[in-house]
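This report concerns only the one structure given below.
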Amino acid sequence: MSKVLIIGAGGVGSVVVHKCAQVSDVFSEIVLASRTVEKCQKIADQVKELTGRHIETAQVDADNVPELVQLINRVGPELVINVALPYQDLTIMDACLETGVHYMDTANYEPEDTAKFEYKWQWAYQEKFEKAGLMALLGSGFDPGATNMFTAYAAKHYFDEIHYLDIVDVNGGDHGYPFATNFNPEINIREVTAECRHWDDGQFVTTPAMSMKQSFSCPEAVGTYNIYRMYHEELESLTLHYPSLKRAQFWMSFGDSYLKHLEVLGNVGMTGIEPVDFNGQQIVPIQFLKQLLPDPASLGPRTTGKTCIGCIVRGIKDGVEKVVYVYNICDHQACYQEVQSQAVSYTTGVPAMIGAKMMLEGKWMKPGVWNMEQMDPDPFMDDMNRYGLPWKVIEDPDYQLAH
């Protein structure tokens, strides 16, 4: 029985609160905080209506360490679940260190003024957390998060050594808008437009964003989609912790309408992250664009279709080459009916709850800063089946992605 403080009241934060509220034997008290307390209260009202549980709400500026410290000291949680913006990871980690509270997040830190996805800033906290006797769990979402677990599970149960990894993220959902993003627009667009990096023969190779395209047919009649190679943060940790990997790639699906809108927005400067002067005020174009686009948290009622996210792992078992595909399929409307969210937020929020549960139950608790694949995947994978993200394994599938 533990009290948790959840920071962030966007689409993912809403799912995390809903799912934690469903597991009252672990999450006995839940406090939800964000810069906009009205968003917190809306989520709390939804949870009250669906589960009958009371959620305390609070206002906090996650960029402000003293303010965070004051809130954490007042609340007294055992764990802080950070589902705020990636720019705020370090301030929340600093506050956790100052207050002696465990930490976890769903996405790695990135500087607000540079579209650069690296773990180095958070890995640098290893000694501080270890000396404090505190645990920081990084990237407990879906990708990163469940994809790290899929890789670790395959490596543990199907291989002596893994050599090739392809993470494939397909969103077959349709929200009906000409252009919208399924999670925070600012983070989504920065991620998609960043240079691609993939692991090949002991080093990262850089290529232009979206320059490698393939067709991928999902199992269980989800459909066939164009997928594009891009960089994603779990490649950095997985290639470090599985040094036998010869090649590792990340792929994501995008529709033609999304890509055309993104190209035009980029051409006219609306995806820029550098401030520009407008009528005597400094504005960041991508932040202004975010205000114009639909709120991802509002997409649930209108999004239909399914997501299909998984890992194709190739390696050696008993001297023979082997391939397995570990994947999850998630239905957008089923997610909305359960927690009033579309599947992209759901697939991130459920693993966040499970990662927190692993820590609070002591199954993963150890001082220091850790990536998901450094933990035992088995209890996490069991809970994915239990709490709404059932997964399957296909042995020797006929997928062969180019490189």
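The values are calculated or read from the model by the stated rules, or taken from the named source; none is laboratory data. Fair warning: this is a prediction, and the values are worked out from it, not measured in the lab. Please note: Cβ atoms are built from the backbone with ideal geometry, for glycine as well, and neighbour counts cover all protein chains shown. Protein only, heavy atoms only, side chains kept; ligands, DNA and RNA dropped before computing areas. Shrake-Rupley method; radii C 1.70, N 1.55, O 1.52, S 1.80 Å.
From the phi of every residue in segment 132-138, what ³J(HN,Hα) in whole Hz does the Karplus formula 6.51 cos²θ - 1.76 cosθ + 1.60 yield, where θ is phi - 60° and glycine or proline is x?
Values per residue, Gly and Pro as x: 7, x, 10, 10, 10, 9, 9 Hz.
Would you tell me the accessible area of Leu245, worked out with a 1.4 angstrom probe on the heavy atoms of the protein chains, in Å² to the nearest 10?
Answer for Leu245: close to 10 Å² accessible.
At 7 Å along the Cα-to-beta-carbon direction for both Glu338 and Thr36, put a label point, then send me their distance in nm to one decimal.
2.6 nm
Compute the signed sum of charges (Lys and Arg +1, Asp and Glu -1) over the other residues within less than 11 Å, Cβ to Cβ, of Ser2.
With Lys, Arg at +1 and Asp, Glu at -1, the neighbours total -2.
Over the chain, give the accessible area per residue in Å² for a 1.4 Å probe, as an integer.
Ligands and nucleic acids excluded, the figure is 40 Å² per residue.
Within segment 171-189, which residues have the backbone N less than 19 Å from the label spot 7 Å out from Val268 along Cα→beta-carbon, could you tell me?
Answer for this model: 177-181, 185-186, 189.
Could you give the distance between the Cα centres of segment 131-176 and segment 283-333, to the whole Å?
Each part reduced to its Cα centre gives a spacing of 12 Å.
Compare the Cα positions of Gly255, Thr106, Asn385 along the charge dipole of the chain (+1 at Cβ of Lys, Arg; -1 at Cβ of Asp, Glu; about the Cα centre) and return the one farthest towards the positive end.
It is Asn385, whose Cα lies furthest towards the positive end.
If packing is taken as the average count of other Cβ atoms within 10 Å, what order do 91-100, 122-131 fall into, highest mean first?
91-100, 122-131
How much of the pair distance distribution for the chain lies past 29 Å, counting alpha-carbon pairs only, in percent?
41 percent
At a probe size of 1.4 Å, how large is the accessible area of Leu289, to the nearest 10 Å²?
It works out to around 10 Å².
Quick one: grab Rg to one decimal and Dmax as a whole number for segment 256-329, Cα atoms only, in Å.
Both quantities, over Cα of segment 256-329: 21.0, 68 Å.
Based on alpha-carbon centroids, what's the gap between segment 347-403 and segment 207-277 in Å, whole number please?
22 Å
Set the bar at 31 Å for Cα to Cα. Now go through Lys42/Lys363; Lys213/Lys290; Lys120/Lys322; Lys120/Lys156; Lys322/Lys366 and name every pair that lies beyond it.
On the way: Lys42/Lys363 33 Å; Lys213/Lys290 27 Å; Lys120/Lys322 33 Å; Lys120/Lys156 26 Å; Lys322/Lys366 33 Å.
From the list (Lys42/Lys363; Lys213/Lys290; Lys120/Lys322; Lys120/Lys156; Lys322/Lys366), the Cα-Cα distance tops 31 Å for Lys42/Lys363; Lys120/Lys322; Lys322/Lys366.
Under a point spin-label approximation (7 Å from Cα along Cα-to-Cβ), what is the Ile394-Glu361 distance to one decimal in nm?
About 3.0 nm separates the two model spin labels.
Once neighbouring chains are kept in place and the probe is 1.4 Å, which whole percent of the accessible area of segment 101-225 is contributed by carbon and sulfur? Write out the running numbers ahead of the final one.
Values: 2130 of 4740 Å².
Carbon and sulfur: 45 percent of the exposed surface of segment 101-225.
GNM, the chain, Cα, under 10 Å: largest mean-square fluctuation among Gln342, Gln214, Gln59?
Gln214
Where the Cα atoms of segment 262-390 are projected onto their three principal axes, how long is each span, largest first, in whole Å?
If we take the Cα atoms of segment 262-390, the spans are 65, 36, 35 Å.
Using only C-alpha atoms and all pairs of different ones, pull out the Kirkwood radius for segment 301-348 in Å with one decimal. Walk me through the numbers before you get to the answer.
Working: mean 1/r = 0.0805 Å⁻¹.
By the Kirkwood definition, the hydrodynamic radius is 12.4 Å.
Quantify how much of the Cα-Cα distance distribution of segment 186-253 extends past 16 Å, in percent.
52 percent
Got a number for the accessible area of Cys20? Probe 1.4 Å, square angstrom, nearest 10.
Cys20 has an accessible surface of roughly 0 Å² with all protein chains in place.
Only Cα pairs under 8 Å and at least 6 apart count here; give the relative contact order of the chain as a rounded whole percent.
20 percent
For Glu220, what charge total do you get from the other residues with a beta carbon under 14 Å from its beta carbon, if Lys and Arg give +1 and Asp and Glu give -1?
+1
When DSSP assigns beta bridges and you keep just the ones with both residues in the chain, what percent turn out antiparallel, to the nearest 5?
Rounded to the nearest five, the antiparallel share is 60 percent.
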